[in-house]
Structure formats: structure tokens, C-alpha cells
Amino acid sequence: DAGKKKGIAVYVKEEMKADLMWADPEGRTLVLQIWINVIPILLVVIYAPNGDQKEFFKHLHGKIVGLEKRNTCILGDFNAIADYQKDHSNGGKEQEKKKSYPKYAWK
């Protein structure tokens with residue numbers, strides 16, 4: 001079924017305090033506020049699309065900045081290539097180079 005190809009889930013232990021901050025209606029982003037000891041952490045879990053990644057990451061960046069949280073952890077499936085020289089499946093294709101991590105991810 002084409003309508004059931006994306007989605008993410010996060011398991012949080014019952015003893016751990018967690019609040020849902022935001023969930024993308026398309027099932028690609030889930031943002032939780034969790035506490036480790038007494039330290040609040042914004043947990044951002046993503047499943048990036050194969051196409052139109054620039055718009056996805058731009059929107060995600062705006063959402064994260066808007067939440068104004070200090071400790072942020074972003075994890076998930078970025079559908080991106082971290083190192084083109086080590087990625088043997090890329091084959092040097094220019095179109096695949098569009099699927100790289102956003103520049104601000106490494107700041």
C-alpha cells in the first residue's frame with residue numbers, strides 16, 4: 001500500500017519522563033522532550049524523504065530553532081550520503097549528491 005511507506009516510532013521507558021512536542025502529520029518527524037536525570041533534552045527523530053530534502057531540512061531547522069531548546073539530539077534515517085568517497089553504491093552520480101547532509105548539521 002503506497003500510503004503506508006513512511007513512519008517513525010520511539011519507545012520511551014515508563015520511568016522516563018517524556019512529552020510530545022510536535023509530530024509531523026506526514027509521519028516523517030517526531031519531536032519529544034525527554035529528561036535524563038534532571039537535564040531536559042529535545043529528541044528529534046526523522047525519516048527524511050528521498051526527494052525534496054532541501055525543503056524538508058529547511059522546515060525541520062525552523063521548527064527546531066522555534067522550540068528554543070538548548071540540548072538537542074537529532075537521529076533517524078537522513079536518506080543522505082555522509083561521505084561520497086566511502087559510499088560505494090553512489091558511483092559518482094551527480095543527482096545523488098543532492099542527498100547529502102544539510103550544511104548547518106555540522107555547525
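Computed values, structure above
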{"item": "Filter result for Ala80 (modelled with pLDDT under 90, among the small types (Gly, Ala, Ser) and in contact with a Phe, Trp or Tyr (Cβ under 7 Å, 6 or more places away or on another chain))", "result": "yes"}
{"item": "Single unsatisfied condition, Ser89 versus (1) surrounded by 12 or more Cβ atoms within 10 Å (Cβ to Cβ); (2) of a type in the set (Ser, Thr, Tyr); (3) at pLDDT below 90", "result": "(1)"}
{"item": "Count of segment 45-77 residues which are part of a loop (DSSP other than H, G, I, E, B) and either out of contact with any strand residue (DSSP E or B) (no Cβ under 7 Å at 6 or more places or on another chain) or without any contact (Cβ under 8 Å) to a residue 24 or more places away in the chain (or both)", "result": "6"}
{"item": "Condition met for Trp22 (among the aromatic types (Phe, Trp, Tyr) and out of contact with any Ser or Thr (no Cβ under 9 Å at 6 or more places or on another chain))", "result": "no"}
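The values are calculated or read from the model by the stated rules, or taken from the named source; none is laboratory data. All values reported here derive from a predicted model rather than from experimental measurement. Please note: Cβ atoms are built from the backbone with ideal geometry, for glycine as well, and neighbour counts cover all protein chains shown.
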